1. Please give the calculated 222 nm ellipticity per residue for the chain, where each DSSP H segment of at least 4 residues contributes -39500 (n - 2.57) and the sum is spread over every residue; nearest 500 deg cm²/dmol?
2. Normalising by the residue count of the chain, find the relative contact order in percent from Cα pairs under 8 Å and 6+ residues apart.
3. Please report the spacing between the Cα centers of the stretch 73-102 and the stretch 147-192 in Å, no decimals.
4. Relative contact order for the stretch 10-56: what percent, with Cα pairs under 8 Å and sequence separation of 6 or more?
5. Could you give me the ³J(HN,Hα) list for the stretch 133-140, computed from phi with Karplus coefficients 6.51, -1.76, 1.60 and θ = phi - 60°, whole Hz, x at Gly and Pro?
6. Give me the net charge of residue 71's neighbourhood, meaning all other residues with Cβ under 10 Å from the Cβ of residue 71; Lys, Arg count +1, Asp, Glu -1.
7. Near residue 88, within a Cβ-to-Cβ distance under 13 Å, what is the net charge of the other residues, with Lys and Arg +1 and Asp and Glu -1?
8. By a straight-distance test (C-alpha under 14 Å), which aspartates and glutamates pair with residue 141 as possible cross-link partners, with residues fewer than eight away in the same chain excluded?
Amino acid sequence: MSAWIRMLSDDEADAPLKKALDFARTPHGTVDNVMRVHSLRPSTMNGHVVLYRACLHDDGNTVPMWFQEVISSYVSTLNDCPYSYANHWANARHLIGDDARADMVENALQAHRPEDAFDGAELAALRYAAKLTLYPGKIEKADVDALRAAGWDDGEILEINQIVGYFNYANRLLNGLGVTTDGDVVGYYKKD
């Protein structure tokens, strides 16, 4: 466990915190530092878990899962958040399932040049993600219209918006409290 504020271990947890920690457990059976950093305020941990799962792991989402993880990684790169980038790029790479393609995508994200790996609807989404992350006060109706013109429906536009908004929140939480991946299992998918 690593952060600039105290994080409580499972052994130190009272009943409300134990319940929040159990709710936050990953498929690995662990509680990642991104959630454990809330241990002094279990109610924000519960809220964070619900928001995270709604944005990225909801069965009703129709933006492809691999691309949700690419958006997550791009926002985290733009915000210089190594914690989120490590986790969500590992997920994206796993879901892309093609090392050459994943390398090209990663290079494009790291260079802040999504056009080097994407076009069409995906490029439009990544351009929207960058503008919303870097210049939120400059977003206008035309930016949403561009997503629709590129082929995203309004529900998918909402999904993209929520992923971008969530990662801007999470990146600031993590960077602002010095949270690292020390002790975490990096990535959502278990390694064989």
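1. Working: 9 runs with 119 residues, N = 192.
One gets -19500 deg cm²/dmol as the mean residue ellipticity at 222 nm.
2. Numbers: 237 pairs, mean separation 63.1, N = 192.
That works out to 33 percent.
3. 10
4. On the way: 29 pairs, mean separation 15.5, N = 47.
Relative contact order here is 33 percent.
5. Those phi angles translate into 6, 8, 9, x, x, 9, 5, 9 Hz.
6. On the way: positive: none; negative: 69, 122, 159.
Neighbourhood net charge equals -3.
7. Numbers: positive: 93; negative: 32, 69, 106, 184.
Summing Lys and Arg as +1 and Asp and Glu as -1 gives -3.
8. Filter leaves 154.
Values in this text are rule-based calculations from the coordinates and carry no lab data. No experiment lies behind these values; they were computed from the predicted model shown. Don't worry about glycine lacking a Cβ; one is built from the backbone with ideal geometry, like all the others, and counts go over all protein chains shown.
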